[in-house]
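Structure record follows, encoded as structure tokens.
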Amino acid sequence: MDNFPVVGQRIPKRDAPQKVTGSAIYIQDLKIPGMLYGKILYSKYPHARILAIDTSRAEQLPGVKAVITGYNIPPFKFGFFKDNPPLKSGKVLSMRDEVAAVAATSPEIAEEALEMIQVEYEELPGIFDPIQAMQEGAPILHEGLKSNVLKLPWRLICGDVDTAKKESHCIVEDTFSTQWVTHCCLGTSGCVASFDINNNLTMYSNTQIPYLAQRDYIDALNVFGIKNRKVRVIQCIIGGGFGSKLDTYAYEYIAILLALKTRKPVKVLFTREEEFIATSPRQSTITKISHGCTKEGKLLFREMEMILDNGAYTSWGATTPSVMMMPISSLYKVPNVKYIAKCVYTNNTYSQAMRGYGNPQATFAIESSLDQLAEKMGMDSYELRLINANEPGEITPQNFKVTSCGMKECIEEVAKRIDWKGKRGKDKGRGVGMASLIHVGGGARVYKSDGCGTIIKIDDYGKVDVFTGASEIGQGSETVIAQIVAEVLGVNVEDVNVINNDTDVCPWDVGVHASRTTFVAGNSALGAAKKIKEQILEIASKSIGEAPEHLDIQKGLIFSTKDKEKNTPLGKVLRNAHYSTGGKMLMAEYFYDPANENFDKDFKGNLSVSYAYGTHGVEVEVDRDTGRVTILKYIAAHDVGRAINPMMLEGQIYGGGLMGIGYALSENMNFREGRLMNPNFLDYKMLTAKDVPPVEPVIVETNDKDGPFGAKGIGEPGLVPTAPAIANAIYDAVGIRIKDLPITPEKILKALKEKEKRGQSGEEGK
Amino acid sequence: MKKEITFILNQEEVKAEVQPEWTLLYFLREVLGLTGTKEGCGYGECGACTVIVDGKAINSCLYPILEVEGKSVTTIEGIISRDGELHDLQKSFIEHGAVQCGFCTPGMIMSAKALIDEKEKPTVDEIRHTIAGNLCRCTGYVKIIDAIKSVVDRR
């Protein structure tokens, strides 16, 4: 592939200087004159009827400016099903249900006021297990519904699984389950709602979806009686996203309601405990899976049935089966596929998007089951994977059109670097395992649009301002966009300034999700940069005396490609354009919406313009006495199309990988009857610097024809195959298969004991 | 009841009236407006609020303000040179891609600074141990460890 001066270089993150000096302003740091502090009172029970709320004492506390409850706000509901009011009346359905809120002159006074609010409840029987929630006679959470199963049509049928079963030489079947886990953004959630005198709202927010949030807030304001007013969303520097900010939440509407009532800016900022309890995590799943293959090991079918704990209300978590369909139908070549998923209401928290969007849960079942199939076949699971690996040009059963695909290279790189042949099945107590992934790499048409806008203007001195719709949550989009623009315009990357945090200023975008930003916002920036370059060369052609097609720009100098002596600085051309009679302003806009497809009614269609692939390989050691798993080596190979910034790309792989290892081995939201028992860092056990294994990222470049400079997405893939790779390695090490995440020492010890009792090796492929 | 305290903050003397129940973090952020020091949890588990008191890295969210009497406190705002040059650790974090969302970064840098101020050549294990109390969700720590190690290696 071509080498470029800016694209492909390890350019430091553009906003890093302000972050290392402490000058970056997060929502935590934002203060507006006259600002009040909002605090929220949550339910005392996971399922109860509210009999009475008495706020009179709280209202009298000096410093309290407003107290609101579900009984004195307009009737408004938000969320994917519009089933969630910002403050509850009648019934509470989970421990995180918001019952009342206070605005006061300090957070301490607001907190004190919460303690003075008297709520009388009648506790109702709760339901915390989705399987029990589906049984007849189970308490129904939402009044007016007949069942706790959400009315969502998650059913994918490709080919004929029943016939394929009959034709299969070998079939395995098993059940896998995964746990609730949460994002653990280091910066907690928060917002400031502020109305001007004309009732226009400015929302300072952490959102990953500024333009969709804008619409949500406008919908809310309409119900609150503020019609036809402007909403502006401004993002502070965001202290981590990972999907947690892909929806709007009760606390944002509460801030708006309190600001309306007090006519003051109101800030709501979560404590760490609230962050654990009242943000929406990745849900738990139970998956029954079956695979079948021919005598030669070619996959014939994959059948999966899944139950997802939706929790009490409906956010994007309920739609993750649509993305799970991607690995289910298209991870490896498998012609016949059947998948049915049910999301079930329970009195737990409620689920939302988290990095991977369902893919980690589905891939854990798929890749664990494939190892079982290989063992039953008497095959090396590496060979089984290679035989069935995806390839360029393939059209998958779900109608995905595979363009670039480096899956085989990823599998081979992992096998080579982990010494698969040398280590697999050899050393008792030590073992190797692998697992692969597919993810959307060229945007994902989950909404009607998958678009992103860019505006570029250049000042009199050749400095470039890029206004992008793409949000920055730490991943480095502002740097990648600057690199792409600098590359096209032939200017130094330091001279490109990216503005990305204000709906009044920046063009529209659908949000930072689906690993789409490098691909979609990158292509958008590329389009805008090409447009403005044309304009520049057109103007320069007059002053240089050369046709535009013979002009180019390097390091801010416009020159004739025929005669480099004929040149002029970019800034000078722009000054001339501005100052001449009948002058011209240099500005270009470009809206890029990839040519991907919404699913049809059968959930088929080319969801993404290109797909990202990867394989992780891991070597583990299992201590038979303690059950402790030590990762000795971790290889993460990813087909990324092209690395626009290898340093930041590695950061995504390291960060995703460690989050995935936590998912595999330690992280678990421990709910007991709807109560989260570990809402703090000590007990939640996200991994620390001491837990980092030797990780080796391998970047496979396949130069995608549609990607900006060939790039595909990488935000989510890093954690998708981690858990099954580790589970497979543990099986190789000690012959036990843990089918329920996280793989804790307790589970390993228990399984080892059971295995000893059976007195035989392995139980794979029953 | 307010009490008066005197201490050194980023090499300058500070005299202030404080409430005894305040933490050092509260005083820094809410009274002085030094918001570079972050609060990630408020109970000493995430390290985002790390500052250096008399050479030791501490969680300022747990540190009673009265305890700083007569001591020397350094925050992230205080490690840049007077002419605006970044500290070696800050430069190294930028160059090594050790920063993503950045919320843990000031605390991470302060923990690392206390270590390398105390020890000329800490090992990688000592670096890991030192920042084990500083949680980061974005980076997987690898580039943070590399960034600190690189400063040590250049000594």
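The values are calculated or read from the model by the stated rules, or taken from the named source; none is laboratory data. Computed from a predicted model, the values in this text were never measured in an experiment. Cβ atoms come from the backbone with ideal geometry, glycine included; neighbour counts cover every protein chain shown.
Descriptive notes on the structure:
- Odd one out for A:Val464, checked against (1) surrounded by fewer than 24 Cβ atoms within 10 Å (Cβ to Cβ); (2) over 28 Å from the mean Cα position of the chain (by Cα): (1)
Conditions (1) in the same structural domain as A:Pro46 (by TED's automatic domain parsing); (2) of a type outside the set (S, T, N, Q); (3) out of contact with any Phe, Trp or Tyr (no Cβ under 7 Å at 6 or more places or on another chain), marked per residue:
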position	(1), (2), (3)
A:Thr349	no, no, yes
A:Thr363	no, no, yes
A:Ser368	no, no, no
A:Gln372	no, no, yes
A:Met379	no, yes, yes
A:Tyr382	no, yes, no
A:Leu386	no, yes, yes
A:Asn390	no, no, no
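- For the criterion of being closer than 30 Å to A:Ile157 by Cβ and surrounded by 13 or more Cβ atoms within 10 Å (Cβ to Cβ), A:Phe599 passes.
- Residues within the range B:42-90 that are within 12 Å of another protein chain (Cβ to nearest Cβ), among the hydrophobic types (A, V, I, L, M, F, W, C) and under 14 Å from the mean Cα position of the chain (by Cα), tallied: 9
- The sole residue among A:Gly429, A:Gly406, A:Gly433 that is surrounded by fewer than 18 Cβ atoms within 10 Å (Cβ to Cβ) and of a type in the set (Gly, Ala, Ser) is A:Gly429.
- Residue satisfying condition, being touching a residue at least 12 places away in the same chain (Cβ under 8 Å), closer than 23 Å to A:Tyr204 by Cβ, away from chain B (no Cβ under 14 Å) and charged (D, E, K, R), within set A:Glu120, A:Glu98, A:Glu111: A:Glu98
- Residue that is surrounded by the fewest Cβ atoms within 10 Å (Cβ to Cβ) [pool: residues in the range A:664-712 that are among the small types (Gly, Ala, Ser) and part of a loop (DSSP other than H, G, I, E, B)]: A:Ser666
- For A:Ala689: the one exception among (1) within 22 Å of the chain's Cα centre (by Cα); (2) closer than 30 Å to B:Ala112 by Cα: (1)
- Among strands (runs of 3 or more DSSP E) entirely within the range A:91-207, having at least 1 residues that are among the acidic types (Asp, Glu) singles out A:98-104, A:118-123, A:170-178.
- Qualifying residue in the range B:59-79 (condition: touching a helix residue (DSSP H, G or I) at 6+ places or on another chain (Cβ under 8 Å), assigned to a loop (DSSP other than H, G, I, E, B) and either farther than 24 Å from A:Phe681 by Cα or basic (Lys, Arg) (or both)): yes
- Residues within the range B:69-98 that are farther than 20 Å from A:Tyr654 by Cβ, surrounded by 18 or more Cβ atoms within 10 Å (Cβ to Cβ), of a type in the set (S, T, N, Q) and touching a residue at least 40 places away in the same chain (Cβ under 8 Å), tallied: 2
- Candidates A:Gly617, A:Gly627, A:Gly656, filtered to the one that is within 14 Å of chain B (Cβ to nearest Cβ) and either buried (at least 17 other Cβ atoms within 10 Å of the Cβ) or under 24 Å from the mean Cα position of the chain (by Cα) (or both): A:Gly656
- The sole residue among A:Gly378, A:Gly356, A:Gly393 that is on the phi > 0 side of the Ramachandran plot and buried (at least 18 other Cβ atoms within 10 Å of the Cβ) is A:Gly356.
- Residue pairs meeting the criteria (Cβ under 7 Å; at least 6 apart or on separate chains; first farther than 15 Å from A:Ala643 by Cα, in the range A:512-527; second assigned to a helix (DSSP H, G or I) and of a type in the set (Lys, Arg)): none
- Just one residue in the set A:Asn198, A:Asn222 is more than 14 Å from chain B (Cβ to nearest Cβ), of a type in the set (S, T, N, Q) and more than 31 Å from the chain's Cα centre (by Cα); that residue is A:Asn198.
- Near pairs, Cβ below 7 angstrom, 6+ apart or cross-chain, from the range A:691-705 (away from chain B (no Cβ under 14 Å)) to any residue that is in a loop (DSSP other than H, G, I, E, B) and surrounded by fewer than 19 Cβ atoms within 10 Å (Cβ to Cβ): A:Glu701/A:Met1; A:Asn703/A:Met1
- From A:Gly90, A:Gly137, A:Gly187, residue being of a type in the set (Gly, Ala, Ser) and within 14 Å of chain B (Cβ to nearest Cβ): A:Gly187
- Only a single item in (1) touching a residue at least 40 places away in the same chain (Cβ under 8 Å); (2) under 30 Å from A:Val720 (Cα atoms) is not met by A:Ala213, and it is number (1).
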